[in-house]
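Student: Below: one structure in structure tokens.
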Amino acid sequence: MTTRKSGGNRQPNMTGTIMKALSGYYYVSDAMDGQQVQCRARGIFKLRGQSPMVGDRVVYQHTDNNEGSIVEIKPRRSELLRPPVANVDLAVLVFSIVHPDLSLVLLDKFLVHIEHAGLKALLVLTKTDLIPPGAKGDDVERMLEHTVRLYTSIGYDVVRTSARSAEGVEELRRHLAGKIAVFAGQSGVGKTSLLNALVPGLDLNTGSISTKLGRGKHTTRHVELIPLGHDAFVADTPGFSQLDFAELGIEDIGVCFREFRRYADACKFRGCTHIHEPACAVIAAVRQNEIAQSRYDHYCNFMMEWKEKPRRY
Ligand code: GDP
Ligand code: ZN
């Protein structure tokens with residue numbers, strides 16, 4: 001690759017990931033040694049209407065003043081706008097099995113938003129240490145097993161974890177390697193504790209990655225990536241700060257229930273909403289226990305919620 005620099009001073013091209021953007025500076029973590037370099041972006045990006053985002057993989061060069069200059073933004077694999085992070089590969093959906101109790105309706109709601117954003121989801125069920133030992137048949141244990149079986153059968157990766165006992169922490173680390181992730185889930189489920197278990201010495205304060213569900217208006221604050229080692233990063237921001245369906249259409253909600261997709265083609269009517277239409281293949285699949293009743297019920301709830309929502313014109 002040829003590099004042109006004013007002053008004829010040729011510097012080698014380096015690559016890295018933008019960790020933080022603040023006051024016109026981009027803090028790039030070098031791909032080789034993880035060192036952070038404070039960079040400016042070349043004026044050419046502004047001319048092209050491009051602006052670097054946290055999460056961007058970039059090519060940069062060192063400049064004379066111990067800073068760097070971003071010379072190229074690699075093509076983005078994905079682009080989240082709220083929060084603004086590029087190249088997020090994975091949404092890690094964290095639910096505790098107790099304290100707070102596991103809510104499958106909330107879980108499905110998060111999944112709809114994750115599917116809608118086009119992200120891969122990893123379902124992490126945590127606080128497994130709170131199951132009393134030898135508690136086979138215990139309600140919490142049954143609920144946990146049911147949840148693992150159901151979501152695995154739909155095609156999601158599910159990991160059982162505990163920040164206390166370290167169960168599943170290694171498995172979670174393997175899922176995160178080489179990826180940029182957002183963690184999503186209610187506050188208090190244990191997101192911060194899991195990150196601290198993943199990265200000894202990280203010492204994140206409880207609540208630093210908290211999702212305030214549907215509360216107040218969206219506050220924009222700067223996003224930062226936290227390095228987890230193994231070229232893995234997590235955005236220190238709630239993955240999805242608002243869980244309403246205002247931006248989704250009816251078709252979208254159906255499509256976001258991924259196990260419905262392979263039946264929906266066989267519905268008699270095009271644009272079937274799978275609620276009241278005759279000869280609906282999705283409803284038939286629910287009757288035959290091929291689609292879980294809970295998933296279908298939540299789908300119907302979300303459709304009602306969507307219809308009752310005041311529209312923005
Ligand atoms: P966050 O709001 O999702 O980041 O949740 P936190 O990580 O702050 O945890 C909320 C509470 O749950 C704290 O009191 C933690 O000590 C507790 N907690 C987190 N993970 C576990 C776990 O694996 N087992 C148990 N028993 N408690 C946990
Ligand atoms: Zn249908």
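Student: Here is a list of conditions, (1) within 30 Å of Pro12 (Cα to Cα); (2) among the small types (Gly, Ala, Ser); (3) open to solvent by 60 Å² or more (accessible area, probe 1.4 Å), and Ser69 meets all of them except one; can you say which number that is?
Tutor: (3)
Student: Could you identify the single residue in Glu141, Glu145 that is surrounded by 15 or more Cβ atoms within 10 Å (Cβ to Cβ) and without any contact (Cβ under 8 Å) to a residue 24 or more places away in the chain? It would help to see each step written out before you state the result.
Tutor: Numbers: Glu145 fails: surrounded by 15 or more Cβ atoms within 10 Å (Cβ to Cβ).
Sole residue among the options that is surrounded by 15 or more Cβ atoms within 10 Å (Cβ to Cβ) and without any contact (Cβ under 8 Å) to a residue 24 or more places away in the chain: Glu141.
Student: Okay, moving on. Can you tell me which residue among Val140, Val124, Val85, Val112 is more than 10 Å from the chain's Cα centre (by Cα) and farther than 30 Å from Gly55 by Cα? Write out each step before concluding.
Tutor: Values: Val124 fails: farther than 30 Å from Gly55 by Cα; Val85 fails: farther than 30 Å from Gly55 by Cα; Val112 fails: farther than 30 Å from Gly55 by Cα.
Just a single option satisfies the conditions, and that option is Val140.
Student: Also, I was wondering about something else. Pick from the stretch 157-168 the residues that are open to solvent by 10 Å² or more (accessible area, probe 1.4 Å) and in contact with a Leu (Cβ under 9 Å, 6 or more places away or on another chain): which of them is farthest from ligand 2 (Cβ to nearest atom)? I'd like the intermediate steps shown before the answer.
Tutor: Residues of the stretch 157-168 that are open to solvent by 10 Å² or more (accessible area, probe 1.4 Å), as a first pass: 157-158, 160, 163-168.
Next, from what is left, pick out any that are in contact with a Leu (Cβ under 9 Å, 6 or more places away or on another chain): 157-158, 160, 163-164, 168.
Numbers: Asp157: 28, Val158: 27, Arg160: 34, Ala163: 42, Arg164: 44, Gly168: 37 Å.
Step by step, filter the stretch 157-168, then rank; the result is Arg164.
Student: Here is a follow-up. Taking the stretch 122-157 as the region of interest, how many residues are assigned to a strand (DSSP E or B) and more than 16 Å from ligand 1 (Cβ to nearest atom)? So that I can check it myself, show each step before the final result.
Tutor: Let us first name the residues in the stretch 122-157 that are assigned to a strand (DSSP E or B), namely 122-126, 157.
The next check asks that each one be more than 16 Å from ligand 1 (Cβ to nearest atom); those that pass are 157.
Looking only at that region, the number is 1.
Student: What are the pairs, 6+ residues apart or on separate chains, where a residue within the stretch 1-22 that is at pLDDT 75 or above has its Cβ under 8 Å from a residue that is open to solvent by 80 Å² or more (accessible area, probe 1.4 Å) and not in a loop (DSSP other than H, G, I, E, B)?
Tutor: Filtered contacts from the stretch 1-22: Met19/Gln36.
Student: Only one of these is within 16 Å of ligand 1 (Cβ to nearest atom) and either outside the structural domain of Ser23 (by TED's automatic domain parsing) or modelled with pLDDT of 90 or more (or both): Val223, Val234. Name it.
Tutor: Numbers: Val223 fails: within 16 Å of ligand 1 (Cβ to nearest atom).
Exactly one residue qualifies, and that residue is Val234.
Student: If you go through the stretch 176-184 one residue at a time, do you hit one that is over 24 Å from Lys109 (Cβ atoms), open to solvent by 40 Å² or more (accessible area, probe 1.4 Å), part of a helix (DSSP H, G or I) and more than 16 Å from ligand 2 (Cβ to nearest atom)? Talk me through it step by step, then tell me what you get.
Tutor: Kept after step one, since they are over 24 Å from Lys109 (Cβ atoms), are these residues of the stretch 176-184: 177-178.
Filter again for open to solvent by 40 Å² or more (accessible area, probe 1.4 Å), leaving 177.
Now narrow it down to the ones that are part of a helix (DSSP H, G or I): none.
There is no residue in the stretch 176-184 that is over 24 Å from Lys109 (Cβ atoms), open to solvent by 40 Å² or more (accessible area, probe 1.4 Å), part of a helix (DSSP H, G or I) and more than 16 Å from ligand 2 (Cβ to nearest atom).
Student: Tell me the strands (runs of 3 or more DSSP E) entirely within the stretch 24-117 that contain at least 3 residues that are closer than 30 Å to Glu259 by Cα, in the same structural domain as Phe183 (by TED's automatic domain parsing) and in contact with a strand residue (DSSP E or B) (Cβ under 6 Å, 6 or more places away or on another chain). It would help to see each step written out before you state the result.
Tutor: On the way: elements: 25-30, 36-41, 57-62, 68-73, 90-96.
Qualifying strands (runs of 3 or more DSSP E): 90-96.
Student: Also, quick follow-up: Considering each residue of the stretch 276-306, count those that are open to solvent by 60 Å² or more (accessible area, probe 1.4 Å), without any contact (Cβ under 8 Å) to a residue 40 or more places away in the chain and within 16 Å of Glu251 (Cα to Cα), and give that number.
Tutor: Residues in the stretch 276-306 being open to solvent by 60 Å² or more (accessible area, probe 1.4 Å), without any contact (Cβ under 8 Å) to a residue 40 or more places away in the chain and within 16 Å of Glu251 (Cα to Cα): 2 in total.
Student: Gly254 - would you say it is at pLDDT below 90 and of a type outside the set (Asp, Glu)? Spell out how you get there, then give the answer.
Tutor: Numbers: at pLDDT below 90: no; of a type outside the set (Asp, Glu): yes.
Spelling it out, it is not the case that Gly254 is at pLDDT below 90 and of a type outside the set (Asp, Glu).
Student: Another question about this same structure. Among Pro100, Pro75, Pro132, which is the only one that is surrounded by fewer than 19 Cβ atoms within 10 Å (Cβ to Cβ), away from ligand 2 (no atom under 16 Å from the Cβ) and over 28 Å from Glu170 (Cβ atoms)?
Tutor: Working: Pro100 fails: over 28 Å from Glu170 (Cβ atoms); Pro132 fails: over 28 Å from Glu170 (Cβ atoms).
None of the other options fit; the residue is Pro75.
Student: Can you find a residue that is within 11 Å of Phe95 (Cβ to Cβ), in contact (Cβ under 8 Å) with a residue 12 or more places away in the chain and touching a helix residue (DSSP H, G or I) at 6+ places or on another chain (Cβ under 7 Å) anywhere in the stretch 125-134?
Tutor: Taking the stretch 125-134 and keeping what is within 11 Å of Phe95 (Cβ to Cβ), we get 125-127.
Checking which are in contact (Cβ under 8 Å) with a residue 12 or more places away in the chain leaves us with 125-127.
Going one step further and asking which of them are touching a helix residue (DSSP H, G or I) at 6+ places or on another chain (Cβ under 7 Å), we end up with 125-126.
Checking the stretch 125-134: at least one residue is within 11 Å of Phe95 (Cβ to Cβ), in contact (Cβ under 8 Å) with a residue 12 or more places away in the chain and touching a helix residue (DSSP H, G or I) at 6+ places or on another chain (Cβ under 7 Å).
Student: Could I ask something else about it? Please specify each residue of the stretch 257-313 satisfying the condition of being in a loop (DSSP other than H, G, I, E, B), of a type in the set (Lys, Arg) and either within 13 Å of ligand 2 (Cβ to nearest atom) or under 18 Å from Tyr156 (Cα atoms) (or both). Even if it seems obvious, please write down each step before you answer.
Tutor: Going residue by residue through the stretch 257-313, those that are in a loop (DSSP other than H, G, I, E, B) are 257, 265-280, 288-292, 309-313.
The next check asks that each one be of a type in the set (Lys, Arg); those that pass are 268, 270, 309, 311-312.
Scanning the stretch 257-313 gives Lys268, Arg270.
The values are calculated or read from the model by the stated rules, or taken from the named source; none is laboratory data. Because the structure is predicted, anything quoted here is derived from the model rather than measured. For neighbour counting, all protein chains shown are included, and Cβ atoms are generated from backbone atoms with ideal geometry for every residue, glycine included. Each accessible area value is taken on the protein alone, full model and side chains, heavy atoms only, with ligands, DNA and RNA left out. Shrake-Rupley method; radii C 1.70, N 1.55, O 1.52, S 1.80 Å.
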